[in-house]
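Shown next, in structure tokens, is the structure this report addresses.
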Amino acid sequence: MAPRLAIEPVQARHVQALVELFEGNRISVVSDSFDPFPLTADEAERIALQPRRDAYFVAGLQGGLVAMSMLRGFDEGFEVPSFGIFVDHRHHGQGIGRRLTAWTVDEARRRGYPSVRLSVYASNAGALHLYRSLGFGEQERELVTRAGGEDEKILMTKSLGGQHA
């Protein structure tokens, strides 16, 4: 049986734990596939403390944060949220990514969003498989150059049937 994963919106009380999660994952095994923003103390503080329309969530096990997900893009004026996630490198392969992704997509549905989009690199085969298994469909591919060389950035979407106003 999988341990109980506690998932909740990021709040000001999470600031120090979020800083630790970010700084503990500023390594290539995480940052090579997660790049919407740098995993720095400043970003953790911004997310935990500043007012925003974007939604950020943390997942904890036994009192410590092990992952973060988000539905973002609203602060930039987009109507369809972009999903993002990263799991602490010490907890890869434990099903946390699947559980938090499913929970976050359900949260988007509860909020009435019509769909969710995400970008994933083709080299991240595990995440690509996960998103397909959860009903995300590929919309387009774009060849990109990254620190590790050329890759394909894949845009995927999932319809939720909501009508967010």
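Only the coordinates and a few stated rules stand behind these numbers; no lab work does. A quick note: this is a predicted structure, and the numbers were derived from the prediction, not measured. Using ideal geometry, Cβ is built from the backbone for each residue, glycine included, and neighbour counts are taken over all protein chains shown.
In region 1-84, which chymotrypsin sites (Phe, Trp or Tyr not before Pro) are in a loop and have at most 14 other Cβ atoms within 10 Å, using DSSP for the loop call?
Counting only loop positions with at most 14 other Cβ atoms within 10 Å, the chymotrypsin sites (Phe, Trp or Tyr not before Pro) in region 1-84 are Phe78.
Two tests apply to each whole DSSP H helix in the chain, Cα reach of 24 Å or more along its axis and mean Kyte-Doolittle hydropathy of at least -0.5, and none passes both. Estimated translational diffusion coefficient (Stokes-Einstein, Kirkwood radius over Cα pairs, 20 °C, 1.002 mPa s) of the chain: 132 µm² per second. The GluC sites (Glu not before Pro) of region 78-162 meeting both criteria, a DSSP state outside H, G, I, E and B (loop) and at most 12 other C-beta atoms within 10 angstrom of the site's C-beta, are Glu79. The Rg/Rh ratio of region 75-145, with both radii computed over alpha carbons and Rh defined as the Kirkwood radius, is 0.96.
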